[in-house]
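The values are calculated or read from the model by the stated rules, or taken from the named source; none is laboratory data. None of these values were measured; they are calculated from a predicted model. Positions of Cβ are generated from backbone atoms using ideal geometry, with glycine treated the same way; all protein chains shown enter the neighbour counts.
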Amino acid sequence: MKRTNLLRQRQQSTVFVALLLFNMLLILIQLWLFVSVLENLIAGDSQMAVPGAITSLVILGVNIWMLRGILNIDKGS
């Protein structure tokens, strides 16, 4: 019984680390997107503002989805 709990905890921690790494990637993409849109706005081109905002909202949705998954993993143990 204890062995299965230990294996489950290891698996949960592996999933948690994978989600953290994916979240870091999303943050870097969001930072790159922000800088790109800001550079274009400073240059006088506002064409990228709406697609940048939509992409940002999609990234926010993915982060909320991952947070709910982490909370469900935490409730399961």
(message) Of everything in segment 25-77, what is polar (S, T, N, Q) and within 30 Å of Ser13 (Cα to Cα)? Give them in sequence order.
(response) Gln30, Thr55, Ser56, Asn63, Asn72, Ser77
(request) Output the qualifying pairs, or none if there are none: Cβ atoms under 6 angstrom, residues six or more apart or on different chains, first residue in segment 39-63 and farther than 27 Å from Leu21 by Cα and charged (D, E, K, R), second residue surrounded by 12 or more Cβ atoms within 10 Å (Cβ to Cβ) and at pLDDT 95 or above. (result) none
(request) Working only within segment 17-58, note down all residues that are surrounded by 12 or more Cβ atoms within 10 Å (Cβ to Cβ) and part of a loop (DSSP other than H, G, I, E, B). (result) Met48
(message) Pairs needed: first member in segment 1-14, in contact (Cβ under 8 Å) with a residue 12 or more places away in the chain; second member anywhere, in a helix (DSSP H, G or I) and of a type in the set (A, V, I, L, M); C-beta distance under 9 Å; at least 6 residues apart or different chains.
(response) Gln12/Ile73
